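Written out below as structure tokens is the structure these notes cover.
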Amino acid sequence: MSEKKKGRRSLTSFSILILILIVLALISHLVPSVTDVDGNVIAVTGASLADVLMAPVRGFANAIDVCVFVLVLGGFLGVVTKTGALDTGIAVLVRKLHGNELILIPILMTIFSIGGSTYGMLEETVPFYLLLAATMVAAGFDSVVGAAVVLLGAGSGVLGSTVNPFAVGAAIDSVADMSINNGTIIAIGAVLWITTLLISIFFVMQYAKKVKADKGSTILSLQEQEAMKENFVDKEVKNDAVLSGSQKAVLVLFAFTFVVMIIGFIPWESFNINIFLGWSEFLTGLPLGQWYFQEATTWFLLMAIIIGIVGRMSEGELVNTFIAGTADMMSVVLIIALARGASVLMSSTGLDVWILTSAANALRGMSAGIFAPLAYLIYIPLSFLVPSSSGLATLSVPVMAPLAGTLGFSVETMIMIFVAGNGLVNLFTPTCGAIMGGLAIARIEYSTWLKFATKIIVTIAIVNIIILTACMLIL
């Protein structure tokens, strides 16, 4: 690979998101009004200059819970890193796995995918980008492998959601007056989940093997490689690395923190599971299973203090370390605000509803073999504009599911077309703050991720379309 290519300069995530805002604003002035099936005229309000300039600020306000969570998360990770437990723990792990590092990839991707399929793990993955990037670099791969394990792992599960309440649940609730077979939805979701996961594991492992054999084969630019070395390479894995007693305790608390966070986010009541004690009400006001970002933020703040004490840090050292950690996350917070700003702009102009109405009108009269792939493809721009699965379910499924039913097609398959289409886009959309924030944490440019993931995403899309079209024809 030439030095010129290696030294390429790409647009930053900030510039890409600002350009998207401008393009979407221009489009809002160009599209004509359309009429829906009930005869209502759907018109788009052209975005003003003020709308564009205010979009990032409104995006920040709209995503304030996520932004504060990321800031506190940065402080938490800063405290854990300061104890030396994380670096030493990774060194010990890699030393024990010597020669078998590849096994981490399918194991971790499968675990992340379970979280994605069952409760829509997305924003909650942000903390893992740093941990997995550091681990994979120490194992002899690069930071792209770490990001791919998280994003494609959890993303595979979200794409093949089985009982995910934020995708499948929200879609079913939006058409409560229709008869839906949950068993059929779970079966289709499981097939999509497993096939997507296997495709992702195959491509990630192939790339990881290549990088392991030849560091020069990395897809990272020279600038990204320097950032990777500065942030994730503690140098070589120390053969004599040994965890002290306090470091072992810190790692136990570190793992416990994330386990509780995950348990806290899973809506157990939706699955009729009530086995968890409500001890978290004492700390956050809500029991486990009802948490959202405010509760998770409180939990991370508390655990940062506890870990600092266990790590034998002084009061001043703990405070300064925590503040420095939050400062490291400011760029991530700004990216999340910009990404959310695009969604806010589309909602305020009505462009999202216009696209949905135009798409539904175009699909009328199609055969099942054409309806399924076209509906899937239509969900790509829709999901770009509305990356939130629950938001898109509420907006689109009440239109698309009855349309499928009217045409005599499987409503369950239509719901899974929404889930899969939205899940595919959430593997790469720049309007998703979790993706852009995670890549920023891993020090990977968005253009680099696209270069790495394009072949994987196209392959997944083709397989998804084949499966969903077959389901639409058979069911």
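The values are calculated or read from the model by the stated rules, or taken from the named source; none is laboratory data. Just so it is clear, the structure is predicted and the values come from calculations on it, not from any experiment. Cβ coordinates were reconstructed from backbone atoms using ideal geometry, including for glycine residues, and neighbour counts include every protein chain displayed. These area figures cover heavy atoms from the full protein model, side chains too; ligands, DNA and RNA do not enter into them. Shrake-Rupley method; radii C 1.70, N 1.55, O 1.52, S 1.80 Å.
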Using only the alpha-carbon atoms, how far is helix 49-62 inclined from the longest principal axis of the chain? Give it as 0 to 90 degrees, nearest 10. 60
ILE474 to PHE256: FRET efficiency via 1/(1 + (r/R0)^6), r the Cβ-Cβ distance, R0 60 Å, to the nearest 0.05? 0.85
So the label point goes 7 Å from the Cα of MET366 along Cα→C-beta, right? Which residues of region 374-398 then have their backbone N under 18 Å from it? 374-385, 393, 396-398
Would you kindly find the accessible area of VAL353, with a 1.4 Å probe and non-protein molecules such as ligands, DNA and RNA excluded, rounding to the nearest 10 Å²? 50
Counting only the heavy atoms of the protein chains, how much of PHE254 is accessible to a 1.4 Å probe, in Å² to the nearest 10? 20
Estimated FRET transfer efficiency (SER314, GLU269; beta-carbon r; R0 41 Å; 0.05): 0.45
For every helix of n ≥ 4 consecutive DSSP H residues, a contribution of -39,500 (n - 2.57) applies; sum these over the chain, divide by its total residues, and give [θ] at 222 nm rounded to the nearest 500 deg cm²/dmol. -23500 deg cm²/dmol
Lys and Arg at +1, Asp and Glu at -1: neighbours of GLY341 with Cβ under 12 Å from its Cβ sum to +1
If you average the C-alpha positions of region 156-223 and of region 417-475 separately, how far apart do those two centres end up, in angstrom? 8
Around ILE42, which amide H atoms from residues at least 5 apart in sequence, or from another chain, sit under 5 Å from its own amide H, with H modelled in the peptide plane? VAL34, THR35, ASP36
Sketch the reach of a paramagnetic label on SER447 as a point 7 Å from Cα along Cα-to-Cβ, and name the residues of region 200-226 whose backbone nitrogen lies under 11 Å away. 221
Which value, in Å², gives the accessible area per residue of the chain when a 1.4 Å probe is used on the protein heavy atoms? 41
State the Cα centre-to-centre distance between region 42-83 and region 340-370 in whole Å. 25
Determine how large the accessible area of ASP173 is when every protein chain is in place; take a 1.4 Å probe and give Å² rounded to the nearest 10. 120
Between helix 411-425 and the chain: long-axis angle, C-alpha atoms, 0 to 90°, nearest 10: 40
Accessible area of the chain belonging to carbon and sulfur atoms, whole % at 1.4 Å probe: 66
Hey, what did the chain get for relative contact order, percent, Cα under 8 Å, at least 6 apart? 28
